[in-house]
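Have a look at the structure below before the remarks.
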Amino acid sequence: MQTRKIGPFNVSALSLGCMSLSYAYGVPPAPEHSERVLLSALDAGVTLFDTAALYGFGANETLVGRVLKAHRSKITLASKGGMAGVDLAGDGKLVRVIDGRPEAIRRDCEASLRRLGTDVIDLYYLHRYDKKVPVEDSVGELSRLVERGHVRTIGLSEVSAATVRKAHAVHPIAAVQTEYSLWTRNPEIAVLATCREIGAAFVAFSPVARGFLSGKLRDVGTLDAKDIRHGMPRFEPANYAGNLKLLPAYEALAQEAGCTPAQLALAWLLHKAPHIVPLFGTTSLEHLAENLAAADVKLSPALMAKAEAVVNQQTVVGNRYSEQSNREVDTEVF
């Protein structure tokens, strides 16, 4: 597996987002199966594993910590705070809360360290910029976590170039994580260039467009009732029907490249810039192997241009997030 840089770390160019093993896309797999996915990724050369306090309200960190603790020295461990499950009503029911106050970030990090079973998190992100709290205050607390030895490097998630610069003025930002794929091109407005300028990696989550670019999801009616894609406008039946019309031309390009549609999506990101680290998630051992093989796919500039012409912000139907979710992020939009 080729490597890329995140701060002082050399990480696998294709890295594993662990969220779906505990949360988000319907009923998560059995713990034994999730363990096989994590260890198979490790055996295949993956060295960056990404989790968060939010995922399964701590369950994902507990899983990752338990399975990978024996291999801690071989991996770069990333997690996130500033958005977590909180018992607001005192009834034991956790609800998602964005809270960027220093005391909340400190609390989240301490809880993450316990669940992960580690003394230090290699890359710790502010999961969401809390717009009620100056980002300088949130990052100031993250910098204190570095000083205390709880965190090695700092990242940001779903933020604008302006916010990245404000944060970087307080403490060096090692990585910015945002959705990026052929069908979500917002980072091309400013954040990709800003990351390159300040020496930060850009970690691209949902690189296969939440499954769309795999070509395997033809009917959104088959999604589990708890699948978060139900709340995303692009997956509403009418919009998705429009998006499906893009697949024949896209799949033809994958065939031309000698790879699967999912591999084309990942290879496109790897070819876009050397500071991009695609972060994919899967619950399938078959898809894990398929995705990792994208590192060997070679794309010509001409084929990349064709793919960009087929799937882009003008051809995709629907917003990536709901109105509520769009208010919660700080990313530029076309």
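The values are calculated or read from the model by the stated rules, or taken from the named source; none is laboratory data. Note that the structure is a prediction, hence the values are computed from the model and not measured. Glycine gets a Cβ as well: all are built from the backbone with ideal geometry, and neighbour counts include every protein chain shown. In case anyone asks, the SASA skips ligands and DNA or RNA and just uses the protein heavy atoms, side chains included. Shrake-Rupley method; radii C 1.70, N 1.55, O 1.52, S 1.80 Å.
With the structure loaded, tell me whether Leu88 is at pLDDT 95 or above and either part of a strand (DSSP E or B) or aliphatic (A, V, I, L, M) (or both) or whether it fails that test.
In short, no.
So which of Gly242, Gly258, Gly215, Gly221 is buried (at least 16 other Cβ atoms within 10 Å of the Cβ) and more than 19 Å from Gly17 (Cβ to Cβ)?
Gly215
Which numbered condition trips up Arg96, out of (1) farther than 23 Å from Arg72 by Cβ; (2) part of a loop (DSSP other than H, G, I, E, B)?
(2)
Are there any pairs, at least 6 apart or on different chains, whose C-beta atoms fall under 8 Å, with the first in the stretch 298-313 and under 15 Å from Leu247 (Cβ atoms) and charged (D, E, K, R) and the second open to solvent by less than 20 Å² (accessible area, probe 1.4 Å) and assigned to a helix (DSSP H, G or I), and if so, which?
So the pair list comes out as Lys306/Leu253.
Find the residue count for the stretch 235-250, including only residues that are assigned to a loop (DSSP other than H, G, I, E, B) and either under 19 Å from the mean Cα position of the chain (by Cα) or in contact (Cβ under 8 Å) with a residue 40 or more places away in the chain (or both).
Adding up the residues that qualify gives 2.
Could you tell me whether any residue of the stretch 25-33 is buried (at least 23 other Cβ atoms within 10 Å of the Cβ), part of a helix (DSSP H, G or I) and in contact (Cβ under 8 Å) with a residue 12 or more places away in the chain?
Taking every residue of the stretch 25-33 in turn, none turns out to be buried (at least 23 other Cβ atoms within 10 Å of the Cβ), part of a helix (DSSP H, G or I) and in contact (Cβ under 8 Å) with a residue 12 or more places away in the chain.
Taking only the stretch 311-330 into account, find how many residues are open to solvent by 30 Å² or more (accessible area, probe 1.4 Å) and β-branched (Val, Ile, Thr).
Residues flagged as open to solvent by 30 Å² or more (accessible area, probe 1.4 Å) and β-branched (Val, Ile, Thr) within the stretch 311-330 amount to 2.
Residues to consider are Ala293, Ala273; find the one that is open to solvent by less than 50 Å² (accessible area, probe 1.4 Å) and under 30 Å from Glu197 (Cβ atoms).
Answer to the check: Ala273.
Scan the stretch 299-307 and give yes if some residue there is under 23 Å from the mean Cα position of the chain (by Cα), open to solvent by less than 20 Å² (accessible area, probe 1.4 Å) and over 21 Å from Ala201 (Cβ atoms), otherwise no.
Taking the stretch 299-307 as the starting set, the residues that turn out to be under 23 Å from the mean Cα position of the chain (by Cα) are 304, 307.
When the remaining residues are screened for being open to solvent by less than 20 Å² (accessible area, probe 1.4 Å), the result is 307.
If we keep only those that are over 21 Å from Ala201 (Cβ atoms) too, we end up with 307.
Yes, some residue in the stretch 299-307 is under 23 Å from the mean Cα position of the chain (by Cα), open to solvent by less than 20 Å² (accessible area, probe 1.4 Å) and over 21 Å from Ala201 (Cβ atoms).
State which residue pairs qualify: first residue closer than 20 Å to Leu68 by Cα and inside the stretch 96-122, second residue part of a helix (DSSP H, G or I) and open to solvent by 40 Å² or more (accessible area, probe 1.4 Å) in any location, beta carbons under 6 Å apart, and separation of 6 or more residues or different chains.
From the stretch 96-122, the pairs are Arg115/Thr62; Gly117/Lys69.
Quick one: in the stretch 1-24, which of the residues that are open to solvent by less than 20 Å² (accessible area, probe 1.4 Å) and touching a Gly at 6+ places or on another chain (Cβ under 6 Å) is farthest from His171 (Cα to Cα)? So that I can check it myself, show each step before the final result.
First, the residues of the stretch 1-24 that are open to solvent by less than 20 Å² (accessible area, probe 1.4 Å): 6, 11-18, 20-21, 24.
Okay, now just the ones that are also touching a Gly at 6+ places or on another chain (Cβ under 6 Å), so 12, 17, 20.
On the way: Ser12: 25, Gly17: 25, Ser20: 31 Å.
Ranking the candidates gives Ser20 first.
Go through the stretch 34-75 and give me each residue that's touching an Asp or Glu at 6+ places or on another chain (Cβ under 6 Å) and free of Cβ contacts under 8 Å to residues at least 60 places away in the same chain. I'd like the intermediate steps shown before the answer.
If we filter the stretch 34-75 for residues that are touching an Asp or Glu at 6+ places or on another chain (Cβ under 6 Å), which is where we start, we get 51, 53, 67.
Answer for the stretch 34-75, where residues must be touching an Asp or Glu at 6+ places or on another chain (Cβ under 6 Å) and free of Cβ contacts under 8 Å to residues at least 60 places away in the same chain: just Val67.
When the residues of the stretch 37-61 are narrowed to those that are of a type outside the set (Gly, Ala, Ser) and surrounded by fewer than 20 Cβ atoms within 10 Å (Cβ to Cβ), which ends up farthest from Tyr23 (Cα to Cα)? Give the derivation first.
Initial filter on the stretch 37-61 (of a type outside the set (Gly, Ala, Ser)): 37-39, 42-43, 46-51, 54-55, 57, 60-61.
With the extra rule that they be surrounded by fewer than 20 Cβ atoms within 10 Å (Cβ to Cβ), the set shrinks to 39, 42-43, 57.
On the way: Leu39: 19, Leu42: 21, Asp43: 24, Phe57: 9 Å.
Only one residue fits best here, namely Asp43.
Among the residues of the stretch 197-207, what is the count of those that are closer than 25 Å to Val316 by Cβ and open to solvent by 10 Å² or more (accessible area, probe 1.4 Å)?
Of the residues in that region, 2 qualify.
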